[in-house]
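Participant: Encoded as structure tokens, here's the structure I'll be asking about.
All of the numbers you see were taken from the coordinates with simple rules; none came from a lab. The shown structure was predicted, so the numbers you read here are calculated from the model rather than taken from an experiment. When we count neighbours, we look across all protein chains shown, and the Cβ atoms used for this are built from the backbone with ideal geometry, even at glycine.
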């Protein structure tokens, strides 16, 4: 009986005062309160630190022997959210995949427009590759705008002669097109995200950068050479179309890609795994995908 | 080193005299020769019979205890192919999924235009549901035009008050749009399928039926209520776009859907599992999907 669970989560989100189109300072605090209402298990060890000079949170499960590292990018339209707020979801991913997660506190807009967030993300990735002596045991992951950054990091690494690709990428509800074409069917079902909020946050992030640039809108990038990607989305979210189009782009560019859509759930429904079976099951599939590709130890199947 | 394997398979297909746009009687024989060049293991038991009055081949692995039944529809543009020719691929699927496969010898066009094939497919499904006393232990699957029929069977079952949905569906390289819009990027890479051949075979199949009818072009159907679907395709096939668009349609209609694209392989590359690691790995994922949903014993996750 997950319909009741879905209704509970939808009610939480409908009743939340978070409005991603609202005042950014106020929304950062409201977002923090919303996310911190989710329980984090006692066995989660989250330690602040830095990676490549960028603040980052290292997240592990006590007593587990992590096999690989996931570099994680939180969501929040490039304007809100934090590594701290991502601990619940990141810890659940660490548990399912048997890995350590490092969640990056990249700089936020509007104070720090593009490319500040990507610069931070890439600096953290470069430092992790150095530390791990290669990228075979590294995956990237992210949610919403963080999934955009995870993809942009792979594109930027490809352009940088010295940086290898990670073993794979897990993208939860990617915001993959900051032109915000707003094509998703039934977009009105989503209480979290709407086109007006996305357009406002895109303007704050871009501040003059072309929204068709592949490093800000990966659906418009040539994705050739990227490693296996798992893209998850909910059928009731505004950004469903971004997920589908990113998968289509990856497939056309000969990237191994899996698109995994769960019906009647919302944006980043994996964050509600404690309340929602679909979230827990999707995280289990993401964990299996990470285990498979981190164990392969190769950047692609070729 | 699967690049060499991919080149071997591409060479076999490039050198094959099969031309799906050619004379239908000649092509049926050439297709039979091409497919029968694939080895079938000694432990495969394939027995001809009937199901709901329709000729069908029952395929099992000797010594295995099958747990569930997959009703399978072979490919061949609705004009060529047979249950006998599908034995190799169907047996590999039976092995990976731990099931029995029943492959349906539906009537072919141009002698038998739509809805003959769908009538046969639905009669076989209805008989299987009767025999199994429900659809919880039944999945449907198919390749190319057969994946189209597998989808059409689910749509027809939905319209028929008395028929339940199968537990899930596995669709290899579905031909999902008989209007043949021909939009796939790099379509020239595909030696098996081209737009002219598909348009000719669509005319033979339709003989006046509207190609936008959802029962002949599932990308134009409302897919609401269908069970979990796994859609697999290769990034170098002409029908990649059909796979992506069918997944997008399913996602928008709140169907649990997984799109699984393997790079640099061709149409129904799973048929070459003996020569191609990617084919074997894709079949293993399809087998895992079938096991999960047949074990659930429920038509959907809701």
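Participant: Which residue fluctuates most in the GNM of chain B (Cα springs below 10 Å): B:275, B:226, B:240?
Facilitator: Residue with maximal mean-square fluctuation among B:275, B:226, B:240: B:275.
Participant: Which whole-percent values make up P(r) of region B:1-118 when all C-alpha to C-alpha distances are grouped in 10 Å steps starting at zero?
Facilitator: Values per bin, smallest distances first: 13, 38, 34, 14, 1.
Participant: Moving on. Between residue A:16 and residue A:131, what is 0.36 nm times their sequence separation minus the Cα-Cα distance? Round to one decimal in nm.
Facilitator: Working it through step by step, the gained length comes to 37.4 nm.
Participant: Another one. Return the chain B residue and its Cβ-to-axis distance, rounded to the nearest Å, for the rotation relating B to A.
Facilitator: Per the B/A rotation axis, the closest residue of B reads B:259, 2.
Participant: 7 Å along Cα→Cβ for the label point: how many nanometres lie between residue A:12 and each equivalent label in the other copies, listed shortest first?
Facilitator: So the label point of residue A:12 gives 5.1 nm to the other copies.
Participant: Moving on. Using a 7 Å offset from Cα along the direction of the beta-carbon, what are the separations from residue A:64 to the same position in each other copy, nm, ascending?
Facilitator: When each copy's label point is compared with this one, the spacings are 3.4 nm.
Participant: Other chains' Cβ within 10 Å of B:259-272 residues: what's the mean?
Facilitator: 4
Participant: Still on this structure, I have one more. Given the -39500 (n - 2.57) contribution per DSSP H run of 4+ residues, what per-residue ellipticity at 222 nm results for chain B, rounded to the nearest 500 deg cm²/dmol?
Facilitator: Estimated from H runs of four or more residues: -12500 deg cm²/dmol.
Participant: Ok, one more. Percent relative contact order of region B:110-181, based on C-alpha pairs within less than 8 angstrom and at least six residues apart?
Facilitator: Result for region B:110-181 is 35 percent.
Participant: Sticking with this structure for a sec: Give me the percent relative contact order of region A:1-79, please, defined on Cα pairs under 8 angstrom at least 6 residues apart.
Facilitator: Reported relative contact order: 20 percent.
Participant: Sort region A:147-232 into rounded, prolate or oblate with this rule: let a ≥ b ≥ c be the square roots of the eigenvalues of the Cα gyration tensor; rounded if a/c is under 1.5, and if a/c is not under 1.5, prolate when a/b is larger than b/c, oblate otherwise.
Facilitator: Since a/c reaches 1.5 but b/c is at least a/b, the shape of region A:147-232 is classed as oblate.
Participant: Note down the nm distance, to one decimal, between modelled labels 7 Å out along Cα→Cβ at residue B:67 and at residue A:40.
Facilitator: 3.9 nm
Participant: How many times 2.2 N^0.38 Å is the alpha carbon radius of gyration of region A:2-296?
Facilitator: 0.90
Participant: May I pose another question? Calculate how many DSSP beta bridges within chain A are antiparallel, expressed in % of all such bridges and rounded to the nearest 5.
Facilitator: Within chain A, antiparallel bridges account for around 35 percent of the total.
Participant: Continuing with this model, one more query. So what is Rg over Rh here for the protein assembly as shown, counting just Cα atoms and using Kirkwood for Rh?
Facilitator: We get a ratio of 0.98 for the protein assembly as shown.
Participant: Tally the DSSP beta bridges in the protein assembly as shown and give the antiparallel ones as a percent, rounded to 5.
Facilitator: Here the share of antiparallel DSSP bridges comes out near 40 percent.
Participant: Would you please report the Å³ per residue occupied by the convex hull of the alpha carbon atoms in region A:219-262?
Facilitator: Normalising the Cα hull of region A:219-262 by residue number yields 51 Å³.
Participant: State whether region B:26-91 is rounded, prolate or oblate according to the following rule on the C-alpha gyration tensor (a ≥ b ≥ c being the square roots of its eigenvalues): a/c under 1.5 gives rounded; otherwise a/b larger than b/c gives prolate, and the remaining case gives oblate.
Facilitator: Cα axes put region B:26-91 in the oblate bin.
Participant: Still on this structure, please answer the following. Could you tell me what a quarter of the Cα convex hull surface of region B:89-197 works out to, in nm² with one decimal place?
Facilitator: 8.2 nm²
Participant: Just to confirm the numbers: residue B:48, label point 7 angstrom along the Cα-Cβ line, distances to the other copies in nm, shortest first?
Facilitator: Distances between equivalent label points, in nm: 7.6.
Participant: Over chain B, with a Gaussian network built from C-alpha contacts below 10 Å, which listed residue (B:263, B:174, B:55) shows the highest mean-square fluctuation?
Facilitator: Greatest mean-square fluctuation among the candidates belongs to B:263.
Participant: Just to confirm my numbers, what's the Cα centroid distance between region A:165-179 and region B:44-113 in Å?
Facilitator: 39 Å
Participant: Per-residue mean of other chain beta-carbon atoms within 10 angstrom of the beta-carbon, peptide A:231-240?
Facilitator: 2
Participant: Comparing B:159, B:29, B:132, which has the greatest mean-square fluctuation in the GNM of chain B with Cα pairs linked when under 10 Å apart?
Facilitator: Judging by the Gaussian network model, the answer is B:159.
Participant: Could you grab the relative contact order for chain A? Cα pairs under 8 Å, six or more apart, rounded to a whole percent.
Facilitator: 19 percent
Participant: Okay, moving on. Is the C-alpha gyration tensor of region A:176-302 telling us rounded, prolate or oblate? Criteria: a/c under 1.5 is rounded; beyond that, a/b larger than b/c is prolate, otherwise oblate.
Facilitator: It comes out oblate by the Cα gyration axes.
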